[in-house]
């Protein structure tokens, strides 16, 4: 993220739960490694939504946050029917980039850790500045905590 | 399902919620049609789990219920960030086959209807009878209603 | 497809090959049932492309063909690393609907049969007529046969 | 990969082609970021197969190579119907770990670069040494070059 000034943000986190489906597994009997990126996305979306700034709203305001890097380190496998926890936090917030960090765990045991980096671009695809209102929302504590009931 | 005797079962249903992710959409801006089969699976798994007979337990008892037919009729599209409801019910229960039926809706409006048919096979891949305990569980009302908190 | 006049079209077919990835399998050790819909799409796209009318071109001309029904019957499973053949053909062609039919096989043995039905809609989402040029292309033999080299 | 002795291997590469499906895209109109991990897998599998050591054979010999880290850097997006090239090479080969590197490009322009790291484990899940025959195969040039015809 080069010469950008960046702030280390306090590590406020958002945690969601998910159930492992057959669709998520592979023939090794465990969750296919790319599936975790889907849960990273779910965690990141919940992080934003609970701060009053859903990613749908962000896009409707004309700003997009495409993934420019994704990384996952696999410590232990998740299995079919497991209930896993996905914790997402904002790692870094720059003028034109964001970094989210993730941990996926089961019963308190970490399974996967990772991060995604995001550019901030306008509808025309050009880099733009992170809108001040969005920055403020992301740096906040969870302000809403509406949860869907899912299983 | 040919000459099998089948019982029409009362239409006890299980409903779960799910949030539409970017991962689920396609470039038409709506949910990709194959994604709904994933939600059918989630609904079916919840149906069994809430009747005390999770599909993981079923498999551990040596019985598998592979999908032998899947069908979906698409009425209206779901969009990114929508919260959809998945309702699953047992349509037919035969000696060696099952049929589940599904409706996916948003705000009470049906989006997709479908069904899956399942064979009942043993660990060696041969057709077997549906275990009596499983049949009884499936014909029951929801006996547990533990829900994960997810968003 | 109701009161529409439909023509039975000659069963010209297009066949492509695909390799089964780990990503496609589930913990039963076989291909996850929803994965086949992806191959149906690949077969359908090749069918159109080889008749000089790629689906990208169709969309750029302002017409979309969303899936309004999908069906698959599973006869035998495909396994990891298998090379499977996907055969797609146009089943029915109406004024405002299409039906494609599929067979997925391995070494000449059918594994999965299915179909998709498609509406014909304009960019504003309203039903429209199938453009004459597209209809003509779809009813043709393969006119191009460019193949990508993939494994 | 810590204290392990590792050999830098010559950068023999294997390249395959793939066609972008609707299934691969998201509502931003481009390929969903997790989809590239699927193509990494396809490239890695082809790399092994063309050296006479398909991953299916490897597993049948009792050795598994689960992904322990995955990374992707996204430079430019791929779009629906694009034909992309996936180049896979062996980056590092240690006693009990492997690293593959990938580049996905279109018309010679790099779109995504990444890597995966793999443990070498036995059927019981314990770390084991990379079998000598597999190591030799991986360090070879392509010895077979059978390609499926796909589009």
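A crude spin-label estimate for the pair residue A:57 and residue D:132, with each label 7 Å from Cα along the Cβ direction, gives 6.5 nm.
Going by the alpha-carbon gyration tensor, a ≥ b ≥ c the square roots of its eigenvalues, is the protein assembly as shown rounded (a/c under 1.5) or, if a/c is not under 1.5, prolate (a/b greater than b/c) versus oblate? In terms of gyration-tensor shape, rounded.
Between this copy and the others, label points of residue B:136 are 6.1, 6.2, 6.9 nm apart in ascending order, each placed 7 angstrom from Cα in the Cβ direction.
Max-minus-min Cα coordinates of chain C on each principal axis give 44, 32, 28 Å, with the largest extent listed first.
Fewest Cβ neighbours within 10 Å first, please rank B:33, C:79 accordingly.
Numbers: B:33 25, C:79 17.
With the sparsest Cβ surroundings first, the list reads C:79, B:33.
Modelled spin-label separation between residue A:123 and residue B:109, with each label point placed 7 Å from Cα along the Cα-to-Cβ direction: 2.3 nm. Each other copy places its own label point for residue C:125 at 2.7, 4.7, 4.9 nm from this one, sorted shortest first, where the point lies 7 Å along the Cα-to-beta carbon line. Normalised by the number of residues in the stretch A:8-136, the mean separation of alpha-carbon contacts (under 8 Å, six or more apart) gives a relative contact order of 29 percent. A simple spin-label model places pseudo-atoms 7 Å from Cα toward Cβ; at residue B:96 and residue D:15 they are separated by 5.3 nm. Starting from the label point of residue A:52 at 7 Å along Cα→Cβ, the same points in the other copies fall at 4.7, 6.0, 6.7 nm, in ascending order. Per residue of peptide A:109-115, the mean number of Cβ atoms on other chains within 10 Å of the residue Cβ is 1.
Listing D:99, D:126 from fewest to most neighbouring C-beta atoms within 10 Å gives D:126, D:99. Arranged from fewest to most other beta-carbon atoms within 10 Å of their beta carbon, C:53, C:105 become C:105, C:53.
So what is the calculated 222 nm ellipticity per residue for chain D, using -39500 (n - 2.57) for each DSSP H run with n of 4 or more, over all residues, to the nearest 500 deg cm²/dmol? Show your work: numbers first, answer last.
Numbers: 3 runs with 29 residues, N = 151.
It comes out at -5500 deg cm²/dmol, rounded to the nearest 500.
Since every read-out is calculated from the coordinates, none of them should be taken as a lab result. Worth saying up front: this structure is predicted, and the values here are computed from it rather than measured. All Cβ positions, glycine included, derive from the backbone under ideal geometry; neighbour counts span all protein chains shown.
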